[in-house]
Amino acid sequence: MNLYRQEGPVYLTLAATLRAELSIYQAGDFLPGELPLARRFAVNRHTVRRALEVLVQEGCVLRIKGKGTQVLNRPIPYPVQANSAHSDALSAMGYSAKARLLKVYQRSPSADEIKHLELRDGEDVLEYKTLRFIEEQPVSLISHHFSTRYGFLLKDYAKGSMRSYLKERGCELSRKFSLIGARMPTVDEASRLLMSQQQPVLTILTLSQDQHDRPMELSFSVSRADHFQYQVFINGVNEHDSSSK
């Protein structure tokens, strides 16, 4: 391939070519060295180095001194839509997804929980803490908060998608709003997600309502930022799905 015949800076053209080829590698694999890449594309090593730096900045690869350029896990585009369910959406994309229940407890509500869940005076909340896995790797911690008035619906929940569990019992949830943020993980979060405390996490606070437009669940998720990209659809339209039909 003669990169000099392409439009734009040569190193950007090379970066685009290498980015497209990443799909043939597994996470943890190493790309060919600078010299083999320079010979293959008929460019100098400086151009190869600049192209690889573009991929480093994008989070696609990692440069390890003395070893080379390692391919990283590619973030999963998780759809944030009104009716999207975490585990179901990932399964639909071909990933093996599951959820493990860590803890359930009843407690007094916070001011935000009283406001968003429209709790009555003296009403407690039930909190279900779950750990989500993709391909057997822990990627998200999710806390689901409900009014105790829904305890009869939740008493048999033990694992899997919370939305699917509730749907099987005649309660269909949809998002009313989601608030997306980022921060550094706590010690417990880093330990459960098998990550460094120096790596950021993505957070998302979601209020979901039932089919009668009643607020039912306030959830808070903490996810590895190197595993997810939140994809927000305006007016509920998934352009990728639309273009493929």
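The values are calculated or read from the model by the stated rules, or taken from the named source; none is laboratory data. Quick caveat, the model's predicted, so the values are computed rather than measured. Note that each Cβ is placed from the backbone with ideal geometry, even for glycine, and that neighbours are counted across all protein chains shown. Side chains are part of the model used for accessible areas, which takes the heavy atoms of the whole protein and leaves out ligands, DNA and RNA. Shrake-Rupley method; radii C 1.70, N 1.55, O 1.52, S 1.80 Å.
For the reader, a short list of remarks on this structure follows.
- Farthest toward positive dipole pole in the chain [+1 Lys/Arg, -1 Asp/Glu at C-beta], among Gln106, Val56, Thr69: Thr69
- With every protein chain in place, region 115-245: carbon and sulfur % of accessible area (1.4 Å): 49
- Largest-first ordering by accessible area, 1.4 Å probe, given options Phe30, Phe133: Phe30, Phe133
- Degrees separating the helix 10-21 axis from the principal Cα axis of the chain, which is the longest one: 50
- Given (1) 19.3; (2) 12.5; (3) 16.6, the label whose value is mean projected area of the Cα convex hull in nm² derived from this model: (3)
- For region 100-245: rounded, prolate or oblate by the Cα gyration tensor [a/c cutoff 1.5]: oblate
- Extreme residue, positive dipole direction of the chain, given options Pro185, Phe152, Gln197 (C-beta unit charges): Gln197
- Using a simple spin-label model with pseudo-atoms 7 Å out from Cα toward Cβ, Ala27 and Ser143 lie 2.6 nm apart.
- Calculated [θ] (222 nm, deg cm²/dmol) that DSSP helices of n ≥ 4 give over the chain, each run adding -39,500 (n - 2.57): -7000 deg cm²/dmol
- Relative packing of 222-229, 117-124, which averages over residues the other C-beta atoms within 10 Å, highest first: 222-229, 117-124
- Only Lys, Arg (+1) and Asp, Glu (-1) charged, at Cβ; the chain dipole about Cα centre in debye: 820
- Across region 198-205, coupling constants 3J(HN,Hα) worked out from phi with the 6.51/-1.76/1.60 Karplus curve, θ = phi - 60°, read 8, 9, x, 10, 9, 10, 8, 9 Hz, and Gly and Pro carry x.
- 1.4 Å probe accessible area per residue over the chain, in Å²: 57
- Virtual paramagnetic centre 7 Å along Cα→Cβ of Lys67, amide N under 11 Å, in region 127-171: none
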